[in-house]
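The values are calculated or read from the model by the stated rules, or taken from the named source; none is laboratory data. Because the structure is a prediction, the values reported are computed rather than measured. When we count neighbours, we look across all protein chains shown, and the Cβ atoms used for this are built from the backbone with ideal geometry, even at glycine. Ligands, DNA and RNA are stripped out before the accessible areas are found, and what is left, the full protein with its side chains, is counted by its heavy atoms. Shrake-Rupley method; radii C 1.70, N 1.55, O 1.52, S 1.80 Å.
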Amino acid sequence: GGRVLRVWKGYRRAQLAWVVLGPSSAALAAAASPALASALAAAAAEDGVPVSSASLTALVAYAPRRGVVEGWCVRTGARLGVARVGPAARLVAPEPVLGLGGGGGEGGGAGPRDAWLVDGGSGVVTSVVGLMEGGWSE
């Protein structure tokens, strides 16, 4: 059976997605974000692999009422970053948040995976992994 490990309050109508950063994306994101670098080091230590070959799974939450997208480390619960995207966006992911199915990479079949933000006004599509690699932007 499962148990509740963390509860996030204040995310009414949030849209959620899993994002898996493969080693190259994780390295770029870690270089741009101290919080992400720390989470990646913890993941590498837990998996017994060098940081250069570690992957990182993040829970991404788009909170339309706040107009932000945030990334959260699944293992530690630490916030990895935040970006302002406005209240009229939509988070699009290739699979539901409750399952990590599919994917064909390291880490038990969870290969690199992305989610995208679609701006409701302009229709511009932004990669969540791209936001992470760029160090987010607040």
Notebook entry, point to check: What pairs come up if the first residue lies in the stretch 127-138 and is free of Cβ contacts under 8 Å to residues at least 40 places away in the same chain, the second is among the hydrophobic types (A, V, I, L, M, F, W, C) and surrounded by fewer than 21 Cβ atoms within 10 Å (Cβ to Cβ), and their beta carbons are under 8 Å apart, counting only those six or more places apart or on different chains?
Noted result: 127/116
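Each row is one residue, and each column tells you yes or no for (1) touching a helix residue (DSSP H, G or I) at 6+ places or on another chain (Cβ under 9 Å); (2) of a type in the set (A, V, I, L, M).
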| residue | (1), (2) |
| --- | --- |
| 10 | no, no |
| 14 | no, yes |
| 29 | yes, yes |
| 34 | no, no |
| 40 | yes, yes |
| 46 | no, no |
| 52 | yes, no |
| 67 | no, no |
| 72 | no, no |
Note to self: Condition first: part of a helix (DSSP H, G or I), without any contact (Cβ under 8 Å) to a residue 40 or more places away in the chain and open to solvent by less than 10 Å² (accessible area, probe 1.4 Å). Now tell me which residues in the stretch 16-54 satisfy that.
What the structure shows: 26, 40, 43, 44
Check: Can you name every residue in the stretch 1-57 that is among the hydroxyl-bearing types (Ser, Thr, Tyr) and either out of contact with any Lys or Arg (no Cβ under 9 Å at 6 or more places or on another chain) or under 16 Å from residue 73 (Cα atoms) (or both)?
Finding: 24, 25, 33, 38, 52, 53, 55, 57
Checklist line | Matching entry among 3, 13 (being over 15 Å from the mean Cα position of the chain (by Cα), closer than 29 Å to residue 87 by Cα, basic (Lys, Arg) and not in a helix (DSSP H, G or I)) | finding: 13
Next item on the list: Kindly provide the set of residues from the stretch 84-117 that are open to solvent by 20 Å² or more (accessible area, probe 1.4 Å), at pLDDT below 85, under 14 Å from the mean Cα position of the chain (by Cα) and closer than 22 Å to residue 47 by Cα, ordered by number.
Entry: 100, 112
Notebook entry, point to check: Taking interchain pairs and intrachain pairs at least six residues apart, which have beta carbon atoms under 7 angstrom, with the first residue in the stretch 57-85 and part of a strand (DSSP E or B) and the second basic (Lys, Arg) and surrounded by fewer than 20 Cβ atoms within 10 Å (Cβ to Cβ)?
Noted result: 68/84; 70/79; 72/79
